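Worksheet: one structure, shown below.
Values quoted throughout were computed directly from the atomic coordinates according to the rules given, and no laboratory measurement underlies them. Every value quoted in this text rests on a predicted model; they were computed, and no experiment measured them.
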Amino acid sequence: MFIKKKIKCVGMDVSRRSANGATENALAEGFGDDICKFHCCDARNFRKKLEEESVNAIVSNLPWGIMTGHKNVSDLQTMYEVFLRTAWYVLKDKGRIVMLVLRGLQLTRIIRKLSGRYRLISVNCVRTTNNLPSIVVVEKLAVDEVRVAVKRQLGYLAQFVNVSSEMYNAVHYEKIDEK
């Protein structure tokens, strides 16, 4: 038996039919808009529907590319990366994301690319009738310690190099903090 606590569930799907169906299912189980709310939107738009650092966990069945028209692997890579970058802002510190994806190796490479934002908890392959998807779990890191350390080192070492602010910005894609 599910005990109604102060739990708030938010669902998102690009299909209006799926979002409406989820709303109907929740209502049939006794969970109204005060507990479960569903939106017809792309999950890459988290920040339009959710406040920053307001979410404990995200569970997602990200597009696999087979039926979505995203057969190009680079399109999926961009979609997954935008999803993870956007999710980072709405997750609380140590918040987790559980993702079901067809391309588990591709997603782990993206997570490594975003190192400092997430810690990879687990990757488990699942056998289905005709695919081998993966369940990937990551945890949000509140502070990108590697980025902070590099910025600190660059700030310190900048005093020993005669580089203009414009050149520094062009090389490092970072604005120099004048603190």
Next item on the list: Return the percentage of antiparallel bridges among DSSP beta bridges fully within the range 1-154, rounded to the nearest 5 %.
Entry: 50
Check: Can you list the HN-Hα couplings for the range 95-100, worked out from phi with the Karplus curve (6.51, -1.76, 1.60; θ = phi - 60°), rounded to whole Hz and with x for Gly and Pro?
Finding: x, 10, 10, 10, 10, 9
Check: Which far-off residues, 5 or more places away or on another chain, put their amide H under 5 Å from the one on Gly11, with H placed in the peptide plane?
Finding: Lys37, Phe38, His39
Margin query: Could you work out the relative contact order of the range 1-158? I mean the mean sequence separation of Cα pairs under 8 Å and 6+ apart, divided by the number of residues, in percent.
Written below: 18
Next item on the list: Return the long-range amide H neighbours of Gly95 (sequence gap of 5 or more, or a different chain), with a cut-off of under 5 Å between placed amide H atoms.
Entry: Lys140
